[in-house]
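The values are calculated or read from the model by the stated rules, or taken from the named source; none is laboratory data. Note that the structure is predicted; figures quoted are calculated from it, not measured. Here the Cβ positions follow ideal geometry from the backbone for every residue, glycine too, while neighbour counts run over all protein chains shown. Note: areas computed on protein heavy atoms with side chains; ligands, DNA, RNA excluded. Shrake-Rupley method; radii C 1.70, N 1.55, O 1.52, S 1.80 Å.
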Amino acid sequence: MKALDDEQQVNRLPVDDPGFHQSWFPVARARELGSGAVLGVDFLGTRVAVYRGPTGKPVVQSAWCPHLGADLSIGEIVNGQIRCAYHHWRFDDAGICADIPTGGKIPRGARIFTYPSAEAWGLVWGFNGERPLFDVPRIPGIEERELAFEPHLRGVRPVPHLVPTSNGVDFQHLRTLHNLPTRAPEAIEVFDYSIEYHIETASYRQLGLITGTNVFAQYLRRAGVDSFMLFAGAPIDQQRTRSFFVVGVRRDGDRDLWLQIDRLRSFVEKLLAEDEPILNTMRFKKGVMVASDRHLSRYFKYVSEFPKYGPPGP
């Protein structure tokens, strides 16, 4: 995919469009979707029902029944279809009404919006739009099959999802807040739907990747040890974000993988605990910027140009 020049004009929806960015958003940990389980998740200013369809693939659908607006997530799965608890209307994994017990012709409007969905890195993802604009987020430097990893739900933050993601290119705060001896890259590459960078010294290597406006993933090599992380947020509404993170190490050698993962998780949780008192109390705005904020400023420009989609239904 071709990188965008800073001055290149991109055909986007207006930045004040009331929808949400067209990104892949995590809605749940995959292990929460046991056989027959239905999760109700507040998402993108609305609510979705999340379950596994007849093939085992996760399904993410609007939770509001088109009959009278009952919450489908308190229903159950019958023959691989979600059944409303109120009048037992059933909908297939494409959102089409498959059965109304009282009989009669099924109305044309008897369908629910179905988000494109995927399962990766131990998370279930939903894409905000009718079809994905880009692939599911990845962690640089590794394939999922090569990684031993753990997905975690961190909780809810009272800030828009783009704010925690900005940490991925806010190199100043790594030194001031976290006291990490890192340096900023000379340049970052900005693409249509991602931002990438590479930092390397004699004893340190970092590959950083922002996907969409809500996922930051990185590969780190410090003192000869490789580690992999992914941080992702999903908007509950315009001001609240449900946050997840994934930590992992390579599946090779005779190391105690889970001990390595536990140490990495402790490191990540320390960083998050340092971030949260600030993120959870800030009144975010893009204010006065300085030269050392050049990468952060470019991220905010990228976000302002990112396409949006209005959530369907109530």
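Numbers at a glance
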{"quantity": "Residue match in the stretch 278-294 (condition: part of a helix (DSSP H, G or I), surrounded by 13 or more Cβ atoms within 10 Å (Cβ to Cβ) and among the aliphatic types (A, V, I, L, M))", "calculated": "yes"}
{"quantity": "Residue in the stretch 219-226 that is open to solvent by 10 Å² or more (accessible area, probe 1.4 Å), touching a Ser or Thr at 6+ places or on another chain (Cβ under 8 Å) and assigned to a loop (DSSP other than H, G, I, E, B) present", "calculated": "yes"}
{"quantity": "Any hit, the stretch 187-210, residues being open to solvent by 20 Å² or more (accessible area, probe 1.4 Å), at positive phi, touching a residue at least 12 places away in the same chain (Cβ under 8 Å) and assigned to a loop (DSSP other than H, G, I, E, B)", "calculated": "no"}
{"quantity": "Given (1) open to solvent by 50 Å² or more (accessible area, probe 1.4 Å); (2) not in a helix (DSSP H, G or I), number of the condition GLU269 does not satisfy", "calculated": "(2)"}
{"quantity": "Scope the stretch 146-186; condition in contact (Cβ under 8 Å) with a residue 12 or more places away in the chain and open to solvent by 70 Å² or more (accessible area, probe 1.4 Å); matching residues", "calculated": "GLU146, LEU153, ARG154, VAL156, ARG183"}
{"quantity": "Tally, over the stretch 195-238, of residues that are over 13 Å from the mean Cα position of the chain (by Cα) and over 24 Å from ILE261 (Cβ atoms)", "calculated": "9"}
{"quantity": "Given (1) within 20 Å of ILE210 (Cα to Cα); (2) assigned to a helix (DSSP H, G or I), index of the condition GLU119 fails", "calculated": "(2)"}
{"quantity": "Test: GLU189 is closer than 23 Å to TYR302 by Cβ, in contact with an Asp or Glu (Cβ under 9 Å, 6 or more places away or on another chain) and not β-branched (Val, Ile, Thr)", "calculated": "yes"}
{"quantity": "Test: LYS308 is under 21 Å from the mean Cα position of the chain (by Cα), modelled with pLDDT of 90 or more and open to solvent by 40 Å² or more (accessible area, probe 1.4 Å)", "calculated": "no"}
{"quantity": "Qualifying positions in the stretch 27-64 - without any contact (Cβ under 8 Å) to a residue 12 or more places away in the chain and open to solvent by less than 10 Å² (accessible area, probe 1.4 Å)", "calculated": "none"}
{"quantity": "Which numbered condition VAL246 misses (of (1) surrounded by fewer than 22 Cβ atoms within 10 Å (Cβ to Cβ); (2) in a strand (DSSP E or B); (3) aliphatic (A, V, I, L, M); (4) in contact with a Phe, Trp or Tyr (Cβ under 6 Å, 6 or more places away or on another chain))", "calculated": "(1)"}
